[in-house]
């Protein structure tokens, strides 16, 4: 009898549309478009080392994991932003962005290509990022990010 009740409960239960879709493929909605735009703003702000824009995008409890596995909180990460007076000698492109929405939480994966120079160090490569966004008080903020180098 217990098994029949369990089966009946599974048949009757219907997850919210965004949740059910998110488990298998990215959702296609206004929220997805909004998060893709926020990812573009994030990439642009990182490229320009715009601490004010990043402060707005990142939650007060933001945590970041660098490609080498070290971690930093929001204050530590913002302290690394040191814009120069001349425009950056770098470019970036979000090659592929996938958004998975779970209510007021979203997981966004981003494959991006970065080229340029920081001081005398040149870089040219692809990176895979996983970002966790949470909608609080009507706006999305990044609460966690992790970046890995893509090995060719």
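A few comments on the model shown:
- Put in line by how crowded their Cβ is, counting other Cβ atoms within 10 Å and starting with the fewest, 146, 131, 56 read 56, 146, 131.
- Packing-based exposure ordering (other Cβ within 10 Å, fewest first) of 135, 115, 96, 151: 151, 96, 115, 135
- In terms of packing, defined here as the mean over residues of other Cβ atoms within 10 angstrom, the peptides 97-107, 65-75 line up highest first as 97-107, 65-75.
- Order of 62, 123 - criterion: other Cβ atoms within 10 Å of each residue's Cβ, fewest first: 123, 62
Every read-out reported here was derived from the displayed coordinates using simple, explicitly stated rules and does not represent laboratory data. Predicted model, so just to flag it, every value in this text is computed and none were measured. All Cβ positions, even for glycine, are placed from backbone atoms using ideal geometry, and neighbour counts span all protein chains on display.
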